[in-house]
Amino acid sequence: MQKAPFVTGYLTEHTGDDAYATLDGYRARGGYEAAKRALTGMSPDEIVNLVKDAGLQGRGGAGFGTGMKWSFMPKGTDKPKYLVCNADESEPGSFKDRLLLERAPHQMLEGILIGAKATGAAKTFVYVRGEYAHPADVLERAIDEARAAGILGADCMGSGFAHDVVVTRGAGAYICGEETGLLESLEGKKGQPRKKPPFPAQYGAFGMPTTVNNVETFSHVPHILNKGAAWFRGFGTEKSPGTTIFGVSGLVQRPGLYELPLGTRLDTIVFDHAGGPLPGRKVKGVIPGGMSMPILPVSQLDVPMANEFLRERKTMLGTGGVMVLDDSVCMVRVACVVTYFFRDESCGQCTQCREGTGWMNKIVQRIERGAGSKGDLDILLDVAAKMEGQTICAFADAAAWPVQGLLRHFREDFEAHIEHGKCPFPESFQL
Amino acid sequence: MVISAETRAAIDAQIQKYPQRRGALLPALHLVQKEKGWIAPETARELAAIFEIQPIEVLEVVTFYNMFYDRPQGRHHVYVCTNLPCSLRGGRDLVHAIEQHLGIEAGETTKDGRITLGHEECLGACAWAPMLRIGETYHENLDVETAKRLLDELK
Ligand SMILES: Cc1cc2nc3c(=O)[nH]c(=O)nc-3n(C[C@H](O)[C@H](O)[C@H](O)COP(=O)(O)O)c2cc1C
Ligand code: SF4
Ligand code: FES
């Protein structure tokens, strides 16, 4: 892994420094000053309003306003309230949270502590995907240090506010990234998403009021407290402020992490930052935000990476995982990989999702083998349409969108397979 | 009693961290599996007793999650990522080369019980493809020869 992104910003400025993952190193860079102010000198409403004014949006995929989400937590209840930090990072093409966990655990913990004060949460559960054993160890060490220094515990930094952080490791199920699947898993059950309402702010972890935020979302918070809402809005677009960490992968010269303002154009990321296609190749399409997000063809990469612009092109920012596909790539094979993943990871509760993901996979595999027929593409689109907006969680939508995107922009790849009865891309990656 | 006293103490420490006992079930399964390698029926029964639930509820959880095993495994797990970013950069060629090298297919264990091979979905290392994990350790930016050498070193 990279210790620091190729382009750094306020989130990743110090991640290249090994000491930054330790309490002393973090404090030497001004760490925990913001939390101290929040705990000793700010009311919960002041914190919530500041985060609202900054316009921070969740970085876990859905882009919901963080200050708004915090304001949903009930006030004046005697029930214990919880925060959950979503470190499940399993959306294919995403690897930014891993960097923040491994290289800047205290930055995230400080954001959590500020969020805890804002919401009145007694405890935070950090749910780390099972495969991230090393990041989980680094985080456990950071928590131990913070506890030993009195930053966490019964009297955080002498403020009278009590908070503790528990790390729970998942065990290899993508659906546990969905926030209510995560809550079930945290309770020691199968990670099957819950029907909403009730939303987690009413009925969350162990039945208590709960707010779920992503690793990166929490990591922005100390910077907002230190430098203010106006400063934060100096990055990004009017509707999507701040930076984010883009993870560039696939067939490109310089795959890796890049912290850039939201609204940075996709072609700037792919060609200027990541160096463009491999020698002798041309870019064919780019998946802009992790595998669930619809692909864009090379003719549409002049789009600012922020949801208000991406939506006009029928896609979204997602997790900022930018996957680059070049002219060697068979888009039917891409569809095979994508639909296999969703078929395999569906939790099986909803018929449309369980059956639909299986059907889509079967049909695209048939087309790839050269055994597809003309009507198959309409069936695919019909199945995808019936999966959207019909299920307990957004997984089914996330499974339908990429197939719709591939057919919207690369229908000719599918038609060529059907017409010629074989794959016309001899140089494509093999299945 | 199949769970060692040491692991049992670690499970009890985990239980303290959650408002409900059962919250510590996943951590407990990780701990037990570290000791035993897999979750045998008698282990599941003992865990059920510790968590005051039915054995079937433990087994449901074990079978839901890819990282828990309800049958014996090789001494080492080798998982190669074959999701899209890795596939684009040779992830599938790497699986095929390893299958040949070990004489087994993904999903199988070598006859000597040394290695269980699998392919896996995205592991959060896409920019450093192709990659695999051996147990809990990631190996990134691999080529076939380096990967074979890593496997040959496993006892
Ligand atoms: C199928 C599915 C998988 C998800 N996986 C993740 C994930 O791995 N990490 C994450 O932070 N959010 C994930 N989310 C989004 C969460 O449900 C939730 O919106 C998010 O954690 C909220 O945090 P934020 O507001 O800070 O973004 C997923 C959502 C869906 C529908
Ligand atoms: S949409 Fe799919 S993943 Fe989500 S609850 Fe229904 S079956 Fe499970
Ligand atoms: S696709 Fe292999 S690590 Fe992400």
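The values are calculated or read from the model by the stated rules, or taken from the named source; none is laboratory data. A quick note: this is a predicted structure, and the numbers were derived from the prediction, not measured. Backbone-built Cβ (ideal geometry, glycine too); neighbour counts: all protein chains shown.
Observations on the structure shown:
- When A:Gly130, A:Gly204 are checked against the criterion of being in the same structural domain as A:Gly58 (by TED's automatic domain parsing), within 16 Å of ligand 3 (Cβ to nearest atom) and out of contact with any Cys (no Cβ under 6 Å at 6 or more places or on another chain), a single residue qualifies: A:Gly130.
- Qualifying residue in the stretch A:333-344 (condition: in contact with a helix residue (DSSP H, G or I) (Cβ under 7 Å, 6 or more places away or on another chain), farther than 29 Å from B:Asn66 by Cα and away from chain B (no Cβ under 11 Å)): no
- Some residue of the stretch A:372-388 being touching a residue at least 60 places away in the same chain (Cβ under 8 Å) and more than 10 Å from ligand 2 (Cβ to nearest atom): no
- For B:Ala147: the one exception among (1) more than 10 Å from chain A (Cβ to nearest Cβ); (2) closer than 19 Å to A:Gly256 by Cβ; (3) of a type outside the set (D, E, K, R): (2)
- Here B:Ala125 clears all of (1) within 16 Å of ligand 1 (Cβ to nearest atom); (2) out of contact with any strand residue (DSSP E or B) (no Cβ under 8 Å at 6 or more places or on another chain) except the condition numbered (2).
- Being of a type in the set (Ser, Thr, Tyr), under 14 Å from A:Asp413 (Cβ atoms) and either more than 23 Å from the chain's Cα centre (by Cα) or not in a helix (DSSP H, G or I) (or both) is a property that A:Ser328 has.
- Here A:Ser71 meets the list (1) within 13 Å of another protein chain (Cβ to nearest Cβ); (2) surrounded by fewer than 24 Cβ atoms within 10 Å (Cβ to Cβ) almost entirely, failing just condition (1).
- Meets criteria (among the charged types (D, E, K, R), surrounded by 16 or more Cβ atoms within 10 Å (Cβ to Cβ) and over 26 Å from A:Asp97 (Cα atoms)) for B:Glu140: no
- Within the stretch A:353-376, considering residues that are more than 14 Å from A:Cys336 (Cβ to Cβ), surrounded by fewer than 18 Cβ atoms within 10 Å (Cβ to Cβ) and not small (Gly, Ala, Ser), the one farthest from ligand 3 (Cβ to nearest atom): A:Lys374
To keep it simple, each residue is scored yes or no on (1) closer than 23 Å to A:Tyr127 by Cβ; (2) more than 9 Å from chain A (Cβ to nearest Cβ); (3) in a loop (DSSP other than H, G, I, E, B); (4) over 16 Å from the mean Cα position of the chain (by Cα).
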site	(1), (2), (3), (4)
B:Lys34	yes, yes, no, no
B:Ile39	yes, yes, yes, no
B:Phe68	yes, no, yes, no
B:His77	yes, yes, no, no
B:His96	no, no, no, yes
B:Glu105	no, yes, yes, yes
B:Thr116	no, yes, no, no
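- Those residues of the stretch B:1-19 which are more than 27 Å from B:Thr116 (Cβ to Cβ) and either in contact with a strand residue (DSSP E or B) (Cβ under 8 Å, 6 or more places away or on another chain) or surrounded by 14 or more Cβ atoms within 10 Å (Cβ to Cβ) (or both), in sequence order: B:Ile15, B:Lys17, B:Tyr18, B:Pro19
- Within the stretch B:50-58, one or more residues are modelled with pLDDT of 95 or more, among the aliphatic types (A, V, I, L, M) and under 23 Å from A:Ala133 (Cα atoms).
- Of the helices (runs of 4 or more DSSP H) lying entirely inside the stretch A:165-281, those containing at least 2 residues that are more than 9 Å from chain B (Cβ to nearest Cβ), of a type in the set (A, V, I, L, M) and under 29 Å from A:Gly130 (Cβ atoms) are A:179-186, A:215-227.
- Of all the listed residues (A:Phe218, A:Phe271), the sole one being touching a Leu at 6+ places or on another chain (Cβ under 9 Å), hydrophobic (A, V, I, L, M, F, W, C) and surrounded by fewer than 24 Cβ atoms within 10 Å (Cβ to Cβ) is A:Phe271.
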